[in-house]
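Structure record follows, encoded as structure tokens.
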Amino acid sequence: MRKCISLLLVFSLVVGAISFSSADVIAASAKLSSKSVTLAKGGGKTVKLSRGKGKWTVVNAGVAKLKSAKGKSVRVIPVKAGKTLLICKVKGKKLKCKIRVLNNKIGKISKAEYEKMGFPLQKGKKISDSFTLSEGWKYKQANYNKKKVKVTVKKNGQKYKFTVKALKPGRAEVSFIASSGDLEDSMKLVFNIYNGFRGKAKAAKTKKNYKKWRSKWISQCVSKEMTTWEIIDMLGTMISSGKYSYKNGTKAISLWYKGTGTCVSGAQMMNDFLRDMGINSKTKRPKNQVRNDIFGYTVMYGSSHMNTQIKLGGKKYTLNPQPGARWPVGIVRN
């Protein structure tokens, strides 16, 4: 009796398997190209469906809107800061992608605007400077997030030397408070703290781990308070901190792991990051031209040199995030 039951059971399972349609199989194995997306204003990101055609919707259209929803893919356009969910329905199956839109401002890029931006500082590194108080003023204290930075202040007459050490990625504000009688005043500094770019040995040659590192870097280091230019400035500072090397200079993965590269790998890495955040970006070898950047420095963009070109707010810019070069020299308004 048991043998009969088991044979009937196997037969019914086989029949059930045969009854599945090809559409059901496609729906069961379908995946989205991204599980989460971070978008900067002024950009956009295409999310693709691996198999079949789906119906695309977004939970909160006030945060992001959809464009060119053709069944196999959709373009997500940021609207305002916040979080929402992209949903793709394939034969009754729901696939989801988290959408995060930064509270960034595209802003202008000039020497004056650049000097107003937060200062990029790598985790574990220190920066020192000083300020002088007028006669009759006394230094009281420094207010800051102790999880993000460590601040020390040393007095020498009316001059105060301070050191800021970066502890945790993200945005950190440091305010130095001084008083004179009933009066009180403060000086605020902003630091955009970022992780270094070296990966682990076992991940040296894998595109998958390089992509994971970029995603983690963006989620940890990019704050909603940053402008798009502060994000670019932070990336340029990180990339240029690598050493210039012909030997390890053809791929961004090499720069990520070995810390060495050329203009080619630097431009590729900047381009990879910006495209991750939906910023219109590409690497390009321009024609021979001598241009002045936003600081007035003369920059040569030769035909053998690779740059990253971006489009923000309807304007085009050329970036030169070359390992071993002095950033931000190399931001050119086209």
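The values are calculated or read from the model by the stated rules, or taken from the named source; none is laboratory data. Since the structure is predicted, the reported quantities are computational estimates derived from the model, not experimental observations. No Cβ is skipped: glycine too gets one built from the backbone with ideal geometry, and neighbour counts run over all protein chains shown.
The table for this structure:
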read-out	value
Unmet requirement for GLU230, which otherwise passes all of (1) in contact with a helix residue (DSSP H, G or I) (Cβ under 8 Å, 6 or more places away or on another chain); (2) charged (D, E, K, R); (3) modelled with pLDDT of 90 or more; (4) crowded, with 19+ Cβ neighbours inside 10 Å	(1)
Verdict on LYS80 being charged (D, E, K, R) and at pLDDT below 85	no
Top-ranked residue of region 312-326 - restricted to ones that are surrounded by fewer than 24 Cβ atoms within 10 Å (Cβ to Cβ) and without any contact (Cβ under 8 Å) to a residue 60 or more places away in the chain, ranked as nearest to LYS287 (Cα to Cα)	THR318
Criterion (more than 29 Å from ASP276 (Cβ to Cβ), assigned by TED's automatic domain parsing to the domain that holds MET187 and in contact (Cβ under 8 Å) with a residue 40 or more places away in the chain) met by exactly one of GLY136, GLY157, GLY170, GLY92	GLY136
Every residue from region 194-219 that is at pLDDT 90 or above and either of a type in the set (Ser, Thr, Tyr) or assigned to a strand (DSSP E or B) (or both)	TYR194, TYR210
Strands (runs of 3 or more DSSP E) contained in region 76-193 and holding at least 2 residues closer than 30 Å to TYR317 by Cα and under 20 Å from the mean Cα position of the chain (by Cα)	82-90, 93-101, 119-122, 170-180
Residue identified as over 27 Å from PRO328 (Cβ atoms) and of a type in the set (Gly, Ala, Ser) among GLY118, GLY124, GLY136	GLY136
Residue among VAL332, VAL290 that is under 23 Å from GLY43 (Cβ atoms), β-branched (Val, Ile, Thr) and over 16 Å from the mean Cα position of the chain (by Cα)	VAL332
Some residue of region 261-270 being in contact (Cβ under 8 Å) with a residue 24 or more places away in the chain, more than 27 Å from LYS41 (Cα to Cα), surrounded by fewer than 20 Cβ atoms within 10 Å (Cβ to Cβ) and over 19 Å from the mean Cα position of the chain (by Cα)	no
Conditions (1) at pLDDT below 90; (2) part of a loop (DSSP other than H, G, I, E, B); (3) on the phi < 0 side of the Ramachandran plot: number failed by ASN60	(1)
